[in-house]
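Asks: This is the structure I want to talk about, given as structure tokens.
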Amino acid sequence: MGPVGMACGLVLVVAFLCLAAFLCVVMLTFDERRRPSVPSYLKRRPTTVNTKQAQLALQAHGLALEEDGRCVEVAYDPTSLLPTPYRRCAFWHSEVEYTTNRPDGGGFIFHPHAKLDFDPTQPHTVMPGETVPGYPNECIKHITGPWWVFMPEGHPDGKICAAGFSFVEAP
């Protein structure tokens, strides 16, 4: 093969590699577009004031000796944890949920005793249980200490969460 043939072969190889790289970028971009985006208000970190408020809500609920959640509507929040109004519920198993009233849903969970059991057959899938914050068919992510953020699964195919979130499997 002469120098012209080798040059043509090299051009074809380079063109093929460029096309393959372009298709990989397009596929990754398409895959990321399928993932739901996280609303900006769920990217905040709860403060120490929020932690103290959650601990007080748990203490008040524990004194009431109720098994079901005790919920209140929060109309004003000087800490701006979530856009107001939002709902705060304290539950018997040491969990306080802060749920936004927005259509995209989601919120924060204070759960001092949280522990996740991952499904060994499905990456980023959590088995439901008493120590798992949130509910089945939601996406959760640990933020810091006892704080978690949750949002509904955001894709019609199901089980697709925003980057960094894990899916809580239904029992």
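Asks: Could you tell me whether T125 is over 10 Å from the mean Cα position of the chain (by Cα) and surrounded by 14 or more Cβ atoms within 10 Å (Cβ to Cβ)?
Replies: Against the criterion (over 10 Å from the mean Cα position of the chain (by Cα) and surrounded by 14 or more Cβ atoms within 10 Å (Cβ to Cβ)), T125 qualifies.
Asks: Going through segment 71-84 one residue at a time, which ones are under 21 Å from the mean Cα position of the chain (by Cα) and either surrounded by fewer than 17 Cβ atoms within 10 Å (Cβ to Cβ) or assigned to a strand (DSSP E or B) (or both)?
Replies: Matches in segment 71-84: S80, P83, T84.
Asks: Let me ask something else about it. Within the set of pairs 6 or more residues apart or between chains, which connect a residue that is under 15 Å from P136 (Cα atoms) inside segment 104-123 to a residue that is at pLDDT below 85 and loosely packed, with under 12 Cβ neighbours inside 10 Å with Cβ atoms less than 7 Å apart?
Replies: Hits for this filter: D117/G129.
Asks: Taking segment 128-146 as the search range and keeping residues that are in a strand (DSSP E or B) and within 12 Å of the chain's Cα centre (by Cα), which one is surrounded by the fewest Cβ atoms within 10 Å (Cβ to Cβ)?
Replies: Per the stated criteria, the residue is I143.
Asks: Return yes when V49 is at pLDDT below 70, in a helix (DSSP H, G or I) and not aromatic (F, W, Y) and no when it is not.
Replies: In short, no.
The values are calculated or read from the model by the stated rules, or taken from the named source; none is laboratory data. Here the structure is a predicted model, which means the values were calculated and not measured. With ideal geometry, Cβ positions are generated from the backbone for all residues, glycine too; neighbour counts draw on all protein chains shown.
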